[in-house]
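Reviewing the structure listed below.
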Amino acid sequence: MFWDFRAMQTDSSGNMIHILDTYAWMEYFSGGLAGRIVKELIENNDKESLITLSITIGELSCRYEMQGKDFNSAFEVIVANSEIVDVSLDMWKKAGIFRKDLRKAIKDDSIGIMDAILVDATNEFQAKGATDIKIVTGDSHFKRLAKIPKYAKIIRLI
């Protein structure tokens, strides 16, 4: 099912919400050590607590195409095991600000707009009442962000 942040309801049961980024899904499908961590998350959590942003679908589709692989099977697994959430226009509007702040925080001009959207997604979920939310990633930008207390609480490194 596809959701929009504006319509999304978050339960107050205290369940952890995990946002799986492109890195997490690529590791899952490769079957490596980090992928096994993602596999455990999928097996031990309800679909509703595992989130994949629609932009992640686009990134994964690109990666599969660049590798000459068919994305359809992977897409079906992602949709079957996580909620797909569209990025709102408001998030895109704020993305430049978040990107600038993130670049400044880790002193790295290579951090991308998609990374900024992932961080802003945690804010959107918190605004909907989520109290425990993590971006599941092994991306090098997030490894550096995880060392900063402001961001460490929203990042789960794999």
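The values are calculated or read from the model by the stated rules, or taken from the named source; none is laboratory data. What you see is a predicted model, and the numbers here were worked out from it, not measured in a lab. Glycine gets a Cβ as well: all are built from the backbone with ideal geometry, and neighbour counts include every protein chain shown.
If I go through region 43-68 residue by residue, how many of them are at pLDDT below 95 and buried (at least 19 other Cβ atoms within 10 Å of the Cβ)? The qualifying residues number 1. Within region 91-100, the residues that satisfy the criterion of being without any contact (Cβ under 8 Å) to a residue 24 or more places away in the chain and surrounded by fewer than 16 Cβ atoms within 10 Å (Cβ to Cβ) are 93, 96, 97, 100.
Selection of region 120-137 for residues being of a type in the set (A, V, I, L, M) and either free of Cβ contacts under 8 Å to residues at least 60 places away in the same chain or under 15 Å from residue 94 (Cα atoms) (or both) yields 121, 127. Number of residues in region 64-84 that are more than 20 Å from residue 41 (Cβ to Cβ) and either touching a Ser or Thr at 6+ places or on another chain (Cβ under 7 Å) or assigned to a helix (DSSP H, G or I) (or both) equals 5.
Look at residue 108 and say whether it is surrounded by 13 or more Cβ atoms within 10 Å (Cβ to Cβ), touching a helix residue (DSSP H, G or I) at 6+ places or on another chain (Cβ under 6 Å) and among the acidic types (Asp, Glu). The answer is no for residue 108. Taken together, 121, 116, 130 contain a single residue that is surrounded by 13 or more Cβ atoms within 10 Å (Cβ to Cβ), among the hydrophobic types (A, V, I, L, M, F, W, C) and at pLDDT below 90, which is 130.
Considering only region 134-150, I want to know if a residue exists there that is surrounded by fewer than 21 Cβ atoms within 10 Å (Cβ to Cβ), closer than 15 Å to residue 52 by Cα and hydroxyl-bearing (Ser, Thr, Tyr). So far as region 134-150 goes, no, none of its residues is surrounded by fewer than 21 Cβ atoms within 10 Å (Cβ to Cβ), closer than 15 Å to residue 52 by Cα and hydroxyl-bearing (Ser, Thr, Tyr).
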